[in-house]
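K.L.:
Here you go, one structure.
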Amino acid sequence: MDVFLKTVGALNDETRVQILAFISHNGEVCVCDIESSLNMIQSRISRHLKILKDAGFLKVDRRGKWAYYAIRSPMDRFRLACLEEISYLELNLPQNSSTCKGVS
């Protein structure tokens, strides 16, 4: 029950759904990619990314001072179905407009 509620709770926010869609569309991205593309401040993004990671949607790869996020794999059917439903939403996702100096 706890896993289900954590997963559903993570999706109960428009910004987190947009972040998931952005990462799903662009593949692995740095926090600064999300910051510049979605025009959000880093502290707000980090809070949302932690919730998504704790809910089992994301994995993080830390390289030096940069953190790169990607959709976790493997993933259970429920979370995969959630991501599929998000892909059907008509979201106006921006291009990845990062000015990040990190090495991907």
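The values are calculated or read from the model by the stated rules, or taken from the named source; none is laboratory data. Keep in mind it's a predicted model, so treat the numbers as computed, not measured. In this analysis, Cβ positions are derived from the backbone assuming ideal geometry, glycine residues included, and neighbour counts consider all displayed protein chains. Accessible surface is based on the protein model in full, side chains and every heavy atom, while ligands, DNA and RNA are left aside. Shrake-Rupley method; radii C 1.70, N 1.55, O 1.52, S 1.80 Å.
K.L.:
Considering only the range 6-21, how many residues are exposed (fewer than 13 other Cβ atoms within 10 Å of the Cβ) and under 16 Å from Leu93 (Cα atoms)?
P.N.:
Result for the range 6-21: 1.
K.L.:
Still on this model: If I filter the range 40-85 down to residues being among the aromatic types (Phe, Trp, Tyr) and not in a strand (DSSP E or B), which single residue comes out as most open to solvent (accessible area, probe 1.4 Å)?
P.N.:
Going through the qualifying residues, I end up with Phe78.
K.L.:
Would you mind telling me which numbered condition in (1) surrounded by 11 or more Cβ atoms within 10 Å (Cβ to Cβ); (2) modelled with pLDDT under 90; (3) hydroxyl-bearing (Ser, Thr, Tyr) Thr99 fails?
P.N.:
So the condition that Thr99 fails would be (1).
K.L.:
Which residues, taken from the range 22-37, are open to solvent by 10 Å² or more (accessible area, probe 1.4 Å) and part of a helix (DSSP H, G or I)?
P.N.:
Of everything in the range 22-37, those that are open to solvent by 10 Å² or more (accessible area, probe 1.4 Å) and part of a helix (DSSP H, G or I) turn out to be Ser24, His25, Asn26, Val31, Cys32, Asp33, Glu35, Ser36, Ser37.
K.L.:
Output the qualifying pairs, or none if there are none: Cβ atoms under 6 angstrom, residues six or more apart or on different chains, first residue in the range 59-75 and in contact (Cβ under 8 Å) with a residue 40 or more places away in the chain, second residue open to solvent by 60 Å² or more (accessible area, probe 1.4 Å).
P.N.:
What qualifies is Tyr68/Glu28; Tyr68/Asp61; Ala70/Glu28; Ala70/Lys59; Ile71/Ser24.
K.L.:
Are any residues in the range 45-69 more than 23 Å from Phe4 (Cβ to Cβ) and either out of contact with any Ser or Thr (no Cβ under 8 Å at 6 or more places or on another chain) or among the β-branched types (Val, Ile, Thr) (or both), and if so, which ones?
P.N.:
Correct list: Ile45, Ser46, Asp61, Arg62, Arg63, Gly64, Lys65, Trp66, Ala67.
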